[in-house]
Amino acid sequence: MTTIDNLWRQLGAPHNPALLPPHFVKSTLPRMGGMVVTLQRDDQLAGIGLLFPRAMASDGMRSYTLRLHEIDQRLSDELVHAALAPTPVRIYRPSDGTTFAPPTPRPAGVWIGLPQAADLPAIAALYRAVWDSQPYPTDLFSAEFGPGTALVATVDGQLAGFLLGFLRFGGAPNAPNELAIESQVMAVDPVYRQHGIATRLKRAQANDALARGLRCIQWTVDPLQLPNALLNFNRLHAIAGAFARGYYPVHNALNLVTASRFIITWLPASAHGRLGLVDGGERPALADLPGVAVLNDGPKLMPAPNDPPYIAIAIPPGWTELQRRDLAQATAWRDATDAIFAEWVGWEAGKYVIYAVAHDQAGNHYLIGRPAGSWVWEEYS
């Protein structure tokens with residue numbers, strides 16, 4: 001981790017807008033099959049690059065897009081290819097990202113489509129407004145970089161949200177060697193959050209992925225954010241079969257305590273996942289789940305029977321506000337739920353996959369899990 005920080009400082013961090021956030025480079029890039037490489041010339045550091053997954057051949061050969069940051073002077077393509085041989089790479093420099101959708105007017109109402117160059121300042125501003133930190137470089141939306149997903153949402157022509165994703169290797173528990181999508185960052189302007197824009201952006205992403213033969217989309221999410229849980233599980237029918245405590249080494253307005261994450265997997269070609277492509281998401285009642293084991297009462301852990309048919313984990317109603325109002329209480333919630341997720345959530349036999357949000361008569365909300373198994377990918381075609 002210290003190495004990444006040192007390399008980024010040599011590239012002008014935190015004042016170089018062409019750099020991706022270091023927490024992404026440390027956490028998500030390696031998980032999606034990417035790598036950080038350094039290039040030497042005359043025994044001196046001459047370049048730093050990020051290898052982004054690009055394609056996977058039928059023989060399993062992986063190829064990459066090299067996002068290259070040069071130090072002092074431009075490196076010849078021949079030198080770069082020779083240094084990385086035999087790995088197939090397409091060299092991309094941030095200044096290459098110049099091609100976006102043609103500058104045409106958007107229709108009235110909600111519209112989802114490809115970003116135009118004129119959208120880029122508004123994308124960066126919306127990111128800063130949501131996360132209060134340096135945004136992802138907007139050249140990542142360009143045709144030259146070739147992201148896994150590049151979408152914007154407009155309402156009556158005004159930018160209302162965006163979604164950026166990368167290509168990744170693997171992701172689905174039954175297809176670890178397929179090319180998939182890492183859905184990295186999505187933001188919706190609070191002014192437009194009653195328009196279903198997040199759902200529309202995600203569904204557009206999934207339909208585009210399926211049209212390209214990509215059957216798995218992954219992303220990470222704070223498991224205690226109720227609005228995100230309702231979107232991911234009840235509307236999109238995504239699932240969580242993996243958990244990482246302290247996934248991001250970051251603190252910001254949305255992460256005042258340990259930034260733990262679910263690894264969300266959406267399989268929109270599966271019987272379960274394809275339900276998320278249409279409206280009709282349900283919010284089940286806890287009483288409708290026979291034999292459900294409730295694993296916590298707020299931050300207090302509860303005893304559980306062996307092998308229950310369902311598990312339920314209570315989450316706070318306003319996680320962001322709780323962190324700001326009572327940091328000690330928020331830390332207690334995080335520690336308790338982290339312990340539950342680490343013990344119970346997983347793809348393997350004997351573990352549980354989170355798939356829904358339920359409520360009780362008092363209006364409390366619970367993440368619901370059922371035993372892991374082939375139901376996750378049935379009819380995956």
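Does residue 364 satisfy the criteria of being open to solvent by 70 Å² or more (accessible area, probe 1.4 Å), under 27 Å from residue 199 (Cα atoms) and not small (Gly, Ala, Ser)? It is true that residue 364 is open to solvent by 70 Å² or more (accessible area, probe 1.4 Å), under 27 Å from residue 199 (Cα atoms) and not small (Gly, Ala, Ser).
Here the condition is being surrounded by fewer than 18 Cβ atoms within 10 Å (Cβ to Cβ), in a helix (DSSP H, G or I) and in contact (Cβ under 8 Å) with a residue 40 or more places away in the chain; of 125, 143, 204, it holds for 204 alone. Consider residue 157 carefully, then state whether it is at positive phi, surrounded by fewer than 21 Cβ atoms within 10 Å (Cβ to Cβ) and touching a residue at least 12 places away in the same chain (Cβ under 8 Å). It is true that residue 157 is at positive phi, surrounded by fewer than 21 Cβ atoms within 10 Å (Cβ to Cβ) and touching a residue at least 12 places away in the same chain (Cβ under 8 Å). For the condition modelled with pLDDT of 95 or more, open to solvent by 20 Å² or more (accessible area, probe 1.4 Å) and out of contact with any strand residue (DSSP E or B) (no Cβ under 8 Å at 6 or more places or on another chain), residue 70 does not qualify. Take the conditions touching a residue at least 40 places away in the same chain (Cβ under 8 Å) and more than 24 Å from residue 270 (Cα to Cα) and apply them to residue 292. Does it pass? Yes: the conditions hold for residue 292. The residue list 123, 112 contains one member that is more than 26 Å from residue 13 (Cα to Cα) and either at pLDDT below 95 or within 24 Å of the chain's Cα centre (by Cα) (or both), which is 112.
Collect the residues in region 275-301 that are open to solvent by 80 Å² or more (accessible area, probe 1.4 Å) and aliphatic (A, V, I, L, M), keeping them in residue-number order. Can you show your working first?
Let us first name the residues in region 275-301 that are open to solvent by 80 Å² or more (accessible area, probe 1.4 Å), namely 275, 278-279, 282-283, 287-288, 290, 297, 300-301.
Listed by number, the residues that qualify are 275, 278, 287, 301.
Please enumerate the residues belonging to region 186-201 that are of a type outside the set (D, E, K, R), on the phi < 0 side of the Ramachandran plot, at pLDDT 90 or above and open to solvent by 10 Å² or more (accessible area, probe 1.4 Å). Walk me through how you get there before you give the answer.
Step one: of region 186-201, the residues of a type outside the set (D, E, K, R) are 186-188, 190-192, 194-199, 201.
Now narrow it down to the ones that are on the phi < 0 side of the Ramachandran plot: 186-188, 190-192, 194-195, 197-199, 201.
Pick out the ones that are also at pLDDT 90 or above and you get 186-188, 190-192, 197-199, 201.
Selection gives 186, 188, 190, 191, 192, 198, 199.
The values are calculated or read from the model by the stated rules, or taken from the named source; none is laboratory data. These figures come from a predicted structure and were not determined experimentally. Glycine gets a Cβ as well: all are built from the backbone with ideal geometry, and neighbour counts include every protein chain shown. The protein model used for the area step is the full one, side chains on, heavy atoms only, and it has no ligands, DNA or RNA in it. Shrake-Rupley method; radii C 1.70, N 1.55, O 1.52, S 1.80 Å.
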